[in-house]
Amino acid sequence: MSKSRLVSLLTSAAFALSMTPSWADTLTDALIKAYQLSPVLEASRAGLRAVDEGVAIARAARRATVNGTVEGALGGNNRNDWDLNDTYSVGINAQLTVYDGGQTRFAVESARASVSAGRNDLRATEQNVLLDAVSAFMNVRRDTRFVDLARNNVRVLREQVRAARDRFEVGEVTRTDVSLAEAALAAAQSNLAFREGQLNASKSNYRAVVGVSPNNLQTPPALPNIPASLEAAQAIAMRENPSLIAARFDEISAEFDLKRARAAKGPSATLSAGASRGLNTGTDGQDITSAQISLQGNLPIYTGGRLPALQRQAAATLATRKAEVQNTARVVRQNTADAWSNLQVARATVVSDREQVRAAQVAFDGVQEEATLGARTTLDVLDTEQDLRDAQVQLVSSLRDEYVAAYSLLSAMGLLSVEYLGLGIPTYDPDINYQQVQNAPISTVRGRTLDRIKDRYQTSD
């Protein structure tokens with residue numbers, strides 16, 4: 001390769017790079033940022049960590065509790081002429097529930113079911129965030145295209161106004177034709193201002209959902225794979241939709257709560273142990289050390305109606321959860337059907353809108369040519385130009401609706417996730433925190449971190 005040829009290629013490459021945007025957002029970029037930056041997800045994850053602690057709290061009921069005691073007293077009596085003396089004692093006491101009729105076991109199972117429900121609630125929140133990101137991305141692209149069409153319309157109408165004025169000067173058209181063109185231009189300028197306002201609102205919403213401002217949004221990838229039939233989509237939804245799965249786990253939790261309420265009416269046994277050391281500084285001061293161990297059984301006989309009320313409350317809650325599962329299943333099935341229908345309508349609309357744009361373009365080109373020859377009026381040209389612009393706007397809107405409908409269907413089925421979309425980023429693993437806290441440790445890495453943060457803020461105060 002000659003030196004001049006090499007220089008030419010390098011120059012061309014440098015020019016091409018200079019014309020390429022330094023940074024542009026794809027739909028994948030928007031989804032990743034929304035997942036990583038969403039405060040809604042952070043709040044949901046923190047809420048799930050709070051639910052995780054319910055398992056540790058439930059398990060603690062069958063573990064020993066140990067308390068230390070310190071006591072000091074000053075007093076006297078008439079047997080020593082009210083001479084004051086003081087006594088001191090220190091002790092330690094421990095209690096362990098050795099039998100509770102299964103209350104703790106049922107409480108742990110209920111808490112574990114609540115954790116599973118919370119995880120699926122988090123999945124549902126993740127899907128909502130990702131769907132909002134898709135909508136925000138497509139809305140910005142749609143409104144950007146609307147602005148481009150509106151600007152082009154203003155440019156075309158300015159040319160028509162100029163041409164109408166020139167033809168009026170030579171007597172080919174009347175003042176009415178010029179006024180019609182000027183009125184159409186004014187309307188187009190007003191429409192441009194409206195579209196620019198819509199675009200600014202969409203960009204603002206994009207920042208709120210994704211966490212960053214949109215920049216040169218690129219053409220989205222091909223639509224995701226969709227089941228071949230509504231029945232197949234609904235079958236997937238009944239199996240995968242996180243809201244429905246969460247409702248089922250809430251029902252399981254309520255079942256264990258009812259069992260626990262029934263078990264509370266049965267016997268229980270508690271083992272107690274303690275030791276103390278006391279000192280009396282009176283005239284006959286004594287240093288006493290004592291220890292004891294005891295086993296106590298308990299059987300509720302009358303509790304003022306509290307235990308039966310708790311059982312009835314748990315039974316009513318279970319009935320509520322069962323009804324909620326049925327209602328959620330209906331809602332999921334209906335949402336899937338609606339999303340499927342919206343997608344089919346959007347696809348059919350895109351096909352017809354493409355044909356409408358093609359036909360409107362042919363009509364506009366023909367009328368414009370005929371107007372040049374004097375066979376058409378200015379009003380005819382303006383009408384066909386308006387028809388073309390309306391068709392283009394409708395096509396842009398339909399393409400956006402098709403894309404959002406496809407992702408809405410994925411969300412209804414429970415498949416709108418980082419893994420299914422293949423975003424290729426690490427995801428939040430709720431099992432890490434659960435494994436750390438389920439056995440009620442004294443402290444965790446997260447807990448020590450929170451303590452350091454708390455101490456830092458207290459020091460700064």
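Place a +1 charge on the Cβ of each Lys and Arg in the chain and a -1 charge on the Cβ of each Asp and Glu, then give the dipole magnitude about the Cα centre in debye, rounded to the nearest 20.
1020 debye
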**OP:** Report, to the nearest whole %, how much of the accessible area of segment 140-298 belongs to carbon and sulfur atoms, 1.4 Å probe, protein only.
**Re:** 50 percent
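Ignoring ligands, DNA and RNA, what accessible area per residue does the chain give at 1.4 Å, in Å²?
That works out to 58 Å² for each residue.
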Original post:
Taking K and R as +1 and D and E as -1, what net charge do the other residues with C-beta under 11 Å from the C-beta of V55 add up to?
Top reply: -1
Original post:
Which whole-number percent is the relative contact order of segment 349-391 (Cα, under 8 Å, 6+ apart)?
Top reply: 47 percent
Original post:
Given a cut-off of under 8 Å on Cα pairs at least six residues apart, what relative contact order in percent is computed for segment 253-321?
Top reply: 41 percent
Subject >> Qualifying aspartates and glutamates (Cα of each under 17 Å from Cα of K322; at least 8 residues distant if same chain) >> reply: D250, E251, E255, D257
**OP:** With a ≥ b ≥ c taken as the square roots of the eigenvalues of the C-alpha gyration tensor of segment 263-396, please select rounded if a/c is under 1.5 and otherwise prolate if a/b is larger than b/c or oblate if it is not?
**Re:** prolate
Subject >> Among [x] 1.33; [y] 1.25; [z] 0.96, the entry that matches Rg/Rh (Cα atoms, Kirkwood Rh) as calculated here >> reply: [y]
Subject >> Angle between the chain longest axis and helix 39-59 axis [Cα atoms, degrees, rounded to 10] >> reply: 20 degrees
**OP:** Quick one: grab the alpha carbon gyration tensor of segment 243-307, order the square roots of its eigenvalues as a ≥ b ≥ c, and give me rounded if a/c is under 1.5, else prolate or oblate depending on whether a/b is larger than b/c.
**Re:** prolate
Original post:
What accessible area, in Å² to the nearest ten, does a 1.4 Å probe give for D338?
Top reply: 70 Å²
Original post:
Among all the aspartates and glutamates, which ones have a C-alpha under 17 Å from K203's C-alpha, if same-chain residues fewer than 8 places away are not counted?
Top reply: D25, D29, D132, D143, D148
Original post:
Applying the Karplus parametrisation 6.51 cos²θ - 1.76 cosθ + 1.60 with θ = phi - 60° to the phi angles of segment 174-189, what ³J(HN,Hα) value in whole Hz is obtained for each residue in order, glycine and proline being reported as x?
Top reply: 9, 4, 4, 4, 5, 5, 4, 5, 5, 5, 5, 5, 4, 5, 5, 5
Subject >> Amide proton proximity set for L217, modelled H, under 5 Å, gap of 5+ >> reply: D25
**OP:** Just need the relative contact order of the chain here, percent rounded to a whole number, with Cα pairs under 8 Å and 6+ apart.
**Re:** 24 percent
**OP:** Report, in deg cm²/dmol and to the nearest 500, the calculated mean residue ellipticity at 222 nm for the chain, where each DSSP H run with n ≥ 4 adds -39500 (n - 2.57) and the sum is divided by the residue count.
**Re:** -24500 deg cm²/dmol
Original post:
For the Cα atoms of the chain, what angle does the longest principal axis make with the long axis of helix 378-413, in degrees from 0 to 90, nearest 10?
Top reply: 20 degrees
**OP:** Name the residue farthest towards the positive end of the dipole of the chain from the options I57, V178, A237, assuming +1 on Cβ of Lys and Arg, -1 on Cβ of Asp and Glu, about the Cα centre.
**Re:** I57
Original post:
Cα axis of helix 3-19 to longest principal axis of the chain: angle in degrees, 0 to 90, nearest 10?
Top reply: 70 degrees
**OP:** Report, in debye and to the nearest 20, how large the dipole of segment 262-399 comes out about its Cα centre when Lys and Arg carry +1 and Asp and Glu carry -1 on their Cβ.
**Re:** 1700 debye
Original post:
For the charge dipole of segment 337-397, defined by +1 on Lys and Arg C-beta atoms and -1 on Asp and Glu C-beta atoms about the Cα centroid, which residue among V351, Q392, Q361 has the Cα displaced farthest towards the positive pole?
Top reply: V351
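The values are calculated or read from the model by the stated rules, or taken from the named source; none is laboratory data. Treat the numbers as computed from the prediction; the structure is a model and nothing was measured. Methodologically, a virtual Cβ is constructed for each residue, glycine included, from the backbone with ideal geometry; neighbour enumeration extends over all protein chains shown. Quick note on the areas: whole protein, heavy atoms, side chains included, nothing else; ligands and nucleic acids left out. Shrake-Rupley method; radii C 1.70, N 1.55, O 1.52, S 1.80 Å.
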